[in-house]
Amino acid sequence: MALFDLSGKRGLVVGIANGASIAYGCAKAFRAQGADLAITYLNEKAAPHVRPLSDELNAALFLPCDVREPGQLEAVFEKIEAEWGKLDFLLHSIAFAPREDLHARVVDSSRDGFLMAMDVSVHSFIRMAKLAEPLMKDGGCLMNVSFYGSEKVVEHYNLMGPVKAALEAVTRYLAAELGPQGIRVHSLSPGPLKTRAASGIDRFDELLSRAAERAPMRNQVTIEDVGAYAAFLASDAARAVTGGIEYIDGGYSIVG
């Protein structure tokens with residue numbers, strides 16, 4: 001018996017880069033609970049790494065989606081509307097900042113780098129919410145991925161701290177605005193995970209080991225841990241939960 005039954009539900013997963021991606025951990029959990037999936041890939045260079053995962057998950061749709069390319073995100077939702085006519089949940093698991101800005105002090109970040117980080121990491125979620133809203137006629141669930149560096153200064157997290165803080169604020173406002181339509185909005189906040197995106201953060205291995213040492217559970221979370229929680233949030237069992245920052249970090253966020 002499925003722990004959280006997602007049978008009959010259809011979801012969009014944006015952000016799978018490889019088998020270590022948080023989005024892949026979530027997609028596996030969604031599928032295991034019975035959901036049909038639409039999975040996106042960044043570009044033709046990324047497609048060979050993502051397609052085998054999409055095939056493994058029996059994804060109904062496999063679509064290109066670079067949010068920086070005009071029209072691509074809209075095309076994803078047009079295809080979903082044409083094929084499914086509805087959408088029940090969505091996972092946004094993408095973030096980007098130019099390397100030179102990510103490795104610099106926040107005070108030294110460039111205007112263009114800051115705007116790009118906000119556009120890809122935050123405003124794209126707003127755009128997805130707007131496109132998803134008319135497809136969630138019976139309600140739904142929107143999720144993004146954040147990190148504890150949004151609220152506390154985490155060494156070397158730099159520009160992504162303010163960016164993730166903005167993403168979490170957007171989560172609360174969208175939850176308030178879309179709640180009357182039965183659409184719930186969440187930020188998943190996992191502990192440090194060794195993903196392709198995280199590899200761009202300077203001295204990330206130190207952050208991983210520190211988190212495992214300090215978290216009350218004394219271990220590192222996995223993409224499967226995040227996926228299990230995301231599947232719960234996407235299910236009807238979580239119909240009374242919205243607007244929160246959902247920590248999946250072994251208790252790391254409670255330690256001073």
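What follows draws every value from the coordinates through simple rules; no lab data is involved. Model, not experiment: these values are computed from the prediction. Here the Cβ is made from the backbone with ideal geometry for all residues, glycine too, and neighbour counts use every protein chain on show.
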query: Tell me, what ³J(HN,Hα) does each residue in segment 36-47 have, in order and in whole Hz, if you take phi through Karplus 6.51 cos²θ - 1.76 cosθ + 1.60 with θ = phi - 60° and put x for Gly and Pro?
result: 8, 10, 10, 10, 10, 10, 5, 6, 5, 5, 7, 3
message: Stokes-Einstein diffusion coefficient for the chain at 37 °C in a medium of 0.692 mPa s, Rh from the Kirkwood formula over Cα pairs: what value in µm²/s?
response: 180 µm²/s
task: Would you kindly calculate the mean projected area, averaged across all directions, of the convex hull enclosing the Cα atoms of segment 3-148, in square nanometres?
output: 9.6 nm²
query: How much net charge surrounds GLN33 when only the other residues with a Cβ under 9 Å from the Cβ of GLN33 are counted, with Lys and Arg +1 and Asp and Glu -1?
result: +1
- request: Determine ³J(HN,Hα), in whole Hz, for all residues of segment 176-192 in sequence, where each value follows from phi through the Karplus function 6.51 cos²θ - 1.76 cosθ + 1.60 and θ = phi - 60°; x replaces Gly and Pro.
  value: 5, 6, 9, x, x, 8, x, 9, 9, 9, 9, 10, 7, 10, x, x, x
field: Other-chain or far-sequence residues with amide H under 5 Å of TYR41's (modelled H)
entry: LEU63, CYS65
- request: Rank ASP55, ASP225, ASP88 by mean-square fluctuation in a GNM of the chain with C-alpha springs under 10 angstrom and give only the top-ranked residue.
  value: ASP55
query: Once you put a point 7 Å from the Cα of LYS79 and another 7 Å from the Cα of MET217, both along the Cβ direction, what distance in nm separates them?
result: 3.4 nm
- line: What helix-only [θ] at 222 nm does the chain give? Using -39500 (n - 2.57) per DSSP H run of at least 4, over all residues, to the nearest 500, the answer is -11000 deg cm²/dmol
- prompt: Can you flag which of LYS45/LYS164; LYS28/LYS152; LYS28/LYS137; LYS45/LYS86; LYS130/LYS164 are past 23 Å Cα-Cα?
  reply: LYS45/LYS164; LYS28/LYS152; LYS28/LYS137; LYS45/LYS86
- line: Note: LYS86 to GLU69 extended length (0.36 nm per residue) minus current alpha-carbon separation gives 3.7 nm
Ranked packing of 69-78, 96-105, most packed first, by mean Cβ within 10 Å: 96-105, 69-78
- line: Ordering 138-145, 58-65, 122-129 by per-residue average of other C-beta atoms within 10 angstrom, highest first, gives 138-145, 122-129, 58-65
- line: Amide H contacts under 5 Å for GLY140, restricted to residues at least 5 apart in sequence or on another chain and with H modeled in the peptide plane, are ILE183, ARG184
